[in-house]
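Heads up, the thing below is written out as structure tokens.
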Amino acid sequence: MSTVEFNQMLVSNTDFLKPFAFTLTRDNETAKDLLQETMFRALANKEKYNVGTNIKAWLYTIMRNIFINNYRRRVKQNTIFDSTPNDFLLNYQQPTVSNDAERTLRMKEIQNAVHNLPEIFKNPFMLYFEGFKYHEIAEALSEPLGTIKSRIHFARKLLKEQISRN
């Protein structure tokens, strides 16, 4: 395949890559950067493309791998991004002061929500919370494993709804 044909295939597939880049990044400018990096890597690795295979899938794979590598790199740096007009990178290791009063109120709220769960959900949930495995809870309560998993799931769902309302 000639370089011109390969370049035309890349350009014709950019319209498919733009929405995928935005889906990954959730930011228009970062998506443009990701698309540009993907095109650069595709051009740099033209010899690795097998003629006749799905170029769209090849480009999606390149883009996904670039995104994952960039994400891992950001996590390793332990920095957060401040979206103020100057776009500074802030050091995440700044000293913080904890607010025990707020934490205590939040814990009381969670404890009340757990206490208000129906018994059928509360018992398996509390055992799970204490560290028991699903099969151990099923044996202790003489219930099928699927029932225990379902009740714990619904308990979590009810707690989430109750806490988010407050």
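The values are calculated or read from the model by the stated rules, or taken from the named source; none is laboratory data. Owing to the predicted nature of the structure, the values given are computational and were not obtained by experimental measurement. A quick note on method: Cβ atoms are made from the backbone with ideal geometry, for glycine too, and the neighbour counts reach across all protein chains shown.
Annotation note: Cβ proximity below 9 Å between a residue of segment 61-74 that is in the same structural domain as Thr38 (by TED's automatic domain parsing) and a residue that is among the aromatic types (Phe, Trp, Tyr) and surrounded by 13 or more Cβ atoms within 10 Å (Cβ to Cβ) (sequence gap 6+ or interchain) occurs for Met63/Phe20; Arg64/Phe20. Note on segment 104-166: enclosed helices (runs of 4 or more DSSP H) holding 2 or more residues that are under 24 Å from the mean Cα position of the chain (by Cα) are 145-165. Scanning segment 22-32 for residues that are of a type outside the set (Gly, Ala, Ser), free of Cβ contacts under 8 Å to residues at least 24 places away in the same chain, surrounded by 12 or more Cβ atoms within 10 Å (Cβ to Cβ) and part of a helix (DSSP H, G or I) yields a total of 3. Tell me whether segment 120-135 contains one or more residues that are under 30 Å from Val75 (Cα atoms) and of a type outside the set (D, E, K, R). Within segment 120-135, one or more residues are under 30 Å from Val75 (Cα atoms) and of a type outside the set (D, E, K, R). Kindly provide the set of residues from segment 96-121 that are among the acidic types (Asp, Glu) and over 12 Å from Ile163 (Cβ atoms), ordered by number. Passing the criteria: Asp100, Glu102, Glu119. Tell me yes or no: at least one residue of segment 76-96 is part of a helix (DSSP H, G or I), under 25 Å from the mean Cα position of the chain (by Cα) and either modelled with pLDDT under 80 or closer than 30 Å to Thr30 by Cα (or both). Checked against the condition, which is being part of a helix (DSSP H, G or I), under 25 Å from the mean Cα position of the chain (by Cα) and either modelled with pLDDT under 80 or closer than 30 Å to Thr30 by Cα (or both), segment 76-96 yields at least one hit.
Screening Asn65 against (1) at pLDDT below 90; (2) surrounded by 11 or more Cβ atoms within 10 Å (Cβ to Cβ); (3) under 30 Å from Ala21 (Cβ atoms); (4) polar (S, T, N, Q) leaves a single unmet condition, (1). Residues in segment 33-51 that are acidic (Asp, Glu) and surrounded by 12 or more Cβ atoms within 10 Å (Cβ to Cβ): Asp33, Glu37. Quick one: in segment 113-151, of everything that is touching a helix residue (DSSP H, G or I) at 6+ places or on another chain (Cβ under 6 Å) and of a type in the set (Ser, Thr, Tyr), which residue is surrounded by the fewest Cβ atoms within 10 Å (Cβ to Cβ)? Of everything passing the filter in segment 113-151, Tyr134 is surrounded by the fewest Cβ atoms within 10 Å (Cβ to Cβ).
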